[in-house]
Amino acid sequence: MTIMKSEIASRSTEEEALPVTLADVEKAAARISGRVTRTPLVYSGTLSERTGQPIHLKLETRQPIGAFKLRGAMNAILSLDETARKRGLVAASTGNHGRAVAYAARELGVSATICMSSLVPANKVEAIRLLGAEIHIVGRAQDDAQEEAERLTASRGLTPIPAFDDGDVVAGQGTIGLEIVEALPDLATVLVPLSGGGLAGGIAVAVKALKPEALVIGISMERGAAMHAAIAAGKPVAIREEETLADSLGGGIGLSNHVTFGLCRDLLDDIVLLTEDEIAEGIRHAARQEDITVEGAGAVGIAAILADKIALSGPTAVIISGGNIDPILHQKIVAEAAI
Ligand SMILES: *Cc1c(COP(=O)(O)O)cnc(C)c1O
């Protein structure tokens, strides 16, 4: 199920201009400084012992919304002009992006409307409601939520904040890459949860510019890995959205994707896919051994290591992208015996 590194690398051309640059990421870092958390990068004794390589966990679970998405949303919203911001914001989301937009909107004193499908877990919907955003639940797939956001953009003149396919959003997520290279100057590999590719694309822009020899590996679930399917097909393709423990990784990349598809195709060294059991094992290890509550999407880096799906050599950073898992589901997964 893996796309070989050589297969991806052969398509990249060094000279081709990227839609997001290191300079964009550095500007984003300055813009969002003080409004998002500079998250800790903690050494994992258990994973390091298991792999024989130094493994560090980048805890985006420590953002005020419990996930990295605040970086991109904050950068995009701060980059808007005053009139666009004042019209009110609208976003389609699998949960965490909506929460990021709702949080940033409240901080900046503007209104936000968040569109989600019925696949979004109740704990995520509730958190967005508590931030004071208007909520629209439509359909059973992220595409339905996206359509609703587009409808509201047209009918109410709201300003859309894309979840991933946007240069400012990608640059904001890329600030994680800056922080990792600064903390780990001899970085060899970064493991990044991958859905629409804003996170992986942004981190890859920063890491590849600063440490060209470092590997950036995307990780998705087998159930509906949209970016993996797109890269394999050579263009964005429609995928069937399925229920998965990694609910934040659900949804397509957009058939008219214009930023993240090219970035991920050209910059990622590999994409690894995981089963539901493997993701559960990642959640369980995080809780039992690392003492962190991690949602499915946030656990895929740990899960890929535990499943021996990645050959590591040298200092490795694992992006723990979010922790917003339903507490009852979390309890249930952690209580199960290890596979
Ligand atoms: C959105 C999200 C991702 C995936 O980010 P993309 O930019 O869509 O690839 C991973 N983990 C969590 C927790 C998320 O909320």
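Name the residues in the stretch 187-211 that are within 12 Å of the ligand (Cβ to nearest atom) and open to solvent by 20 Å² or more (accessible area, probe 1.4 Å), would you?
S195 - this is the single residue of the stretch 187-211 that is within 12 Å of the ligand (Cβ to nearest atom) and open to solvent by 20 Å² or more (accessible area, probe 1.4 Å).
Failed condition for R284, given (1) away from the ligand (no atom under 16 Å from the Cβ); (2) open to solvent by 20 Å² or more (accessible area, probe 1.4 Å), with all others met?
(2)
Suppose we filter G139, G167, G132, G95 for residues that are free of Cβ contacts under 8 Å to residues at least 24 places away in the same chain and either out of contact with any helix residue (DSSP H, G or I) (no Cβ under 6 Å at 6 or more places or on another chain) or not assigned by TED's automatic domain parsing to the domain that holds A29 (or both); which single one remains?
G139
Within the stretch 302-313, identify whether any single residue is of a type outside the set (A, V, I, L, M, F, W, C) and either open to solvent by less than 40 Å² (accessible area, probe 1.4 Å) or touching a His at 6+ places or on another chain (Cβ under 7 Å) (or both), and answer yes or no.
Taking the stretch 302-313 as the starting set, the residues that turn out to be of a type outside the set (A, V, I, L, M, F, W, C) are 308-309, 313.
Still in the running and either open to solvent by less than 40 Å² (accessible area, probe 1.4 Å) or touching a His at 6+ places or on another chain (Cβ under 7 Å) (or both): none.
For the stretch 302-313, residues of a type outside the set (A, V, I, L, M, F, W, C) and either open to solvent by less than 40 Å² (accessible area, probe 1.4 Å) or touching a His at 6+ places or on another chain (Cβ under 7 Å) (or both): absent.
Output yes when any residue across the stretch 178-186 is buried (at least 23 other Cβ atoms within 10 Å of the Cβ), more than 10 Å from the ligand (Cβ to nearest atom) and more than 20 Å from A299 (Cβ to Cβ), and no when none is.
Scanning the stretch 178-186 turns up no residue that is buried (at least 23 other Cβ atoms within 10 Å of the Cβ), more than 10 Å from the ligand (Cβ to nearest atom) and more than 20 Å from A299 (Cβ to Cβ).
Just the residues that are under 24 Å from G167 (Cβ atoms) and either among the polar types (S, T, N, Q) or open to solvent by less than 50 Å² (accessible area, probe 1.4 Å) (or both), please, taken from the stretch 240-261.
Answer for the stretch 240-261, where residues must be under 24 Å from G167 (Cβ atoms) and either among the polar types (S, T, N, Q) or open to solvent by less than 50 Å² (accessible area, probe 1.4 Å) (or both): S248, L249, G250, G251, G252, I253, G254, S256, N257, V259, T260, F261.
So which of R85, R71, R62 is at pLDDT 95 or above, charged (D, E, K, R), open to solvent by less than 80 Å² (accessible area, probe 1.4 Å) and within 16 Å of the ligand (Cβ to nearest atom)?
None of the other options fit; the residue is R71.
Which of (1) within 13 Å of the ligand (Cβ to nearest atom); (2) assigned to a helix (DSSP H, G or I); (3) not aliphatic (A, V, I, L, M) does N324 not meet, given it meets every other one?
Result: N324 passes all but (2).
For (1) of a type in the set (A, V, I, L, M, F, W, C); (2) under 19 Å from L57 (Cα atoms); (3) assigned to a helix (DSSP H, G or I), each residue gets a yes or a no:
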residue	(1), (2), (3)
A229	yes, no, yes
V237	yes, no, no
G252	no, no, no
L273	yes, no, no
D277	no, no, yes
R284	no, yes, yes
A299	yes, yes, yes
K309	no, yes, no
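If C264 meets every condition in (1) away from the ligand (no atom under 13 Å from the Cβ); (2) under 17 Å from M221 (Cβ atoms); (3) part of a helix (DSSP H, G or I) apart from one, which number is that one?
(1)
Yes or no: S155 open to solvent by 10 Å² or more (accessible area, probe 1.4 Å), within 16 Å of the ligand (Cβ to nearest atom) and among the hydroxyl-bearing types (S, T, Y)?
no
Only one of these conditions is not met by K124: (1) basic (K, R); (2) open to solvent by less than 30 Å² (accessible area, probe 1.4 Å); (3) not in a helix (DSSP H, G or I). Which number is it?
So K124 meets the others, but not (3).
Which is open to solvent by less than 10 Å² (accessible area, probe 1.4 Å) and either in contact with an Asp or Glu (Cβ under 6 Å, 6 or more places away or on another chain) or assigned to a helix (DSSP H, G or I) (or both), of Q173, Q146?
Q173
Looking only at helices (runs of 4 or more DSSP H) that lie completely in the stretch 32-118, which have at least 1 residues being more than 17 Å from the chain's Cα centre (by Cα) and more than 29 Å from I137 (Cβ to Cβ)?
45-51, 82-86
Being within 23 Å of L89 (Cα to Cα) and touching a Pro at 6+ places or on another chain (Cβ under 8 Å) is the filter here; which residues of the stretch 171-197 pass it?
Of everything in the stretch 171-197, nothing turns out to be within 23 Å of L89 (Cα to Cα) and touching a Pro at 6+ places or on another chain (Cβ under 8 Å).
Given the structure, is E295 crowded, with 22+ Cβ neighbours inside 10 Å, touching a residue at least 40 places away in the same chain (Cβ under 8 Å) and within 15 Å of T244 (Cβ to Cβ)?
In short, yes.
Being among the small types (G, A, S) and surrounded by 24 or more Cβ atoms within 10 Å (Cβ to Cβ) is the filter here, so list the residues in the stretch 88-116 that pass it.
Residues satisfying the conditions are A91, A92, S93, G95, G98, A100, A102, A104, A105, A112.
The values are calculated or read from the model by the stated rules, or taken from the named source; none is laboratory data. What you see is a predicted model, and the numbers here were worked out from it, not measured in a lab. Neighbour counts run over all protein chains shown; Cβ positions are idealised from the backbone, glycine included. Note: areas computed on protein heavy atoms with side chains; ligands, DNA, RNA excluded. Shrake-Rupley method; radii C 1.70, N 1.55, O 1.52, S 1.80 Å.
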